[in-house]
């Protein structure tokens with residue numbers, strides 16, 4: 001099996017994490033000797049916010065308000081993660097990055113440095129109403145209705161611009177998926193896109 005680079009984007013609550021876990025389970029079974037590097041940007045930012053320090057405290061408060069993070073912070077967190085974990089022989093799965101044109105430039109330079117060929121970009125689409133319902137149901141302490149609506153508002157605009165940039169570059173393989181359907185149906189679409197499996 002060749003190395004896979006797969007990026008998952010979409011509104012919060014679209015099921016990226018669930019689909020990533022299904023893909024990781026498949027890869028562990030079919031390609032057990034190749035490691036998987038999985039960057040979940042939201043989790044990495046939240047972890048950074050708990051490290052202690054002036055900058056970390058600012059990020060922690062900003063995350064709880066549901067705001068878009070400064071590009072230099074997301075670049076720092078991303079770079080630190082990849083420098084620590086990437087050795088050149090792994091599958092790479094990325095959840096929730098890049099989410100803006102500023103972040104796209106740094107992300108693209110990372111793909112070039114690590115020579116990740118023809119990454120898949122999965123856009124999983126759901127309505128804001130579905131996103132709000134799903135996020136409130138999971139009960140995370142930073143998932144208030146106000147913070148969710150804030151995140152949905154900026155992410156729709158920012159991520160759409162990044163997605164348009166991806167579309168303009170032939171080295172990226174864009175796959176748009178209806179995330180309102182059952183988990184299994186979404187998973188089948190992802191598997192078909194990557195492996196040609198029905």
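The values are calculated or read from the model by the stated rules, or taken from the named source; none is laboratory data. The model shown is predicted, which means the values in this text are computed figures rather than measured ones. Because the Cβ atoms are built from the backbone with ideal geometry, glycine has one as well, and the counts that use them run over all protein chains shown.
Of all residues being touching a residue at least 60 places away in the same chain (Cβ under 8 Å) and within 22 Å of residue 60 (Cα to Cα) in region 109-137, which is nearest to the chain's Cα centre (by Cα)? Just the residue, please.
135
If you go through region 91-98 one residue at a time, do you hit one that is touching a residue at least 24 places away in the same chain (Cβ under 8 Å), more than 28 Å from residue 154 (Cα to Cα), in contact with a strand residue (DSSP E or B) (Cβ under 6 Å, 6 or more places away or on another chain) and buried (at least 19 other Cβ atoms within 10 Å of the Cβ)? Steps first, answer last, please.
First pass over region 91-98, keeping only residues touching a residue at least 24 places away in the same chain (Cβ under 8 Å): 91-98.
Adding the requirement that they be more than 28 Å from residue 154 (Cα to Cα) leaves 91.
With the extra rule that they be in contact with a strand residue (DSSP E or B) (Cβ under 6 Å, 6 or more places away or on another chain), the set shrinks to 91.
Checking which are buried (at least 19 other Cβ atoms within 10 Å of the Cβ) leaves us with 91.
Scanning region 91-98 turns up at least one residue that is touching a residue at least 24 places away in the same chain (Cβ under 8 Å), more than 28 Å from residue 154 (Cα to Cα), in contact with a strand residue (DSSP E or B) (Cβ under 6 Å, 6 or more places away or on another chain) and buried (at least 19 other Cβ atoms within 10 Å of the Cβ).
Condition check: at pLDDT 95 or above, surrounded by 14 or more Cβ atoms within 10 Å (Cβ to Cβ) and part of a helix (DSSP H, G or I). Does residue 39 satisfy that? Let's see the steps before the verdict.
Details: at pLDDT 95 or above: yes; surrounded by 14 or more Cβ atoms within 10 Å (Cβ to Cβ): yes; part of a helix (DSSP H, G or I): no.
For residue 39, the condition - at pLDDT 95 or above, surrounded by 14 or more Cβ atoms within 10 Å (Cβ to Cβ) and part of a helix (DSSP H, G or I) - is not met.
Of all residues in region 1-13, how many are surrounded by fewer than 24 Cβ atoms within 10 Å (Cβ to Cβ) and assigned to a loop (DSSP other than H, G, I, E, B)?
Residues flagged as surrounded by fewer than 24 Cβ atoms within 10 Å (Cβ to Cβ) and assigned to a loop (DSSP other than H, G, I, E, B) within region 1-13 amount to 6.
Name the residue that is surrounded by the most Cβ atoms within 10 Å (Cβ to Cβ), counting only residues in region 167-194 that are part of a helix (DSSP H, G or I) and without any contact (Cβ under 8 Å) to a residue 24 or more places away in the chain.
Checked region 167-194; the qualifying residue surrounded by the most Cβ atoms within 10 Å (Cβ to Cβ) is 189.
When you scan region 134-166, how many residues do you find that are out of contact with any helix residue (DSSP H, G or I) (no Cβ under 9 Å at 6 or more places or on another chain), on the phi < 0 side of the Ramachandran plot and not in a helix (DSSP H, G or I)?
Going through region 134-166 one residue at a time, the tally reaches 1.
So, residue 52, is that one surrounded by 14 or more Cβ atoms within 10 Å (Cβ to Cβ) and part of a loop (DSSP other than H, G, I, E, B) or not?
In short, no.
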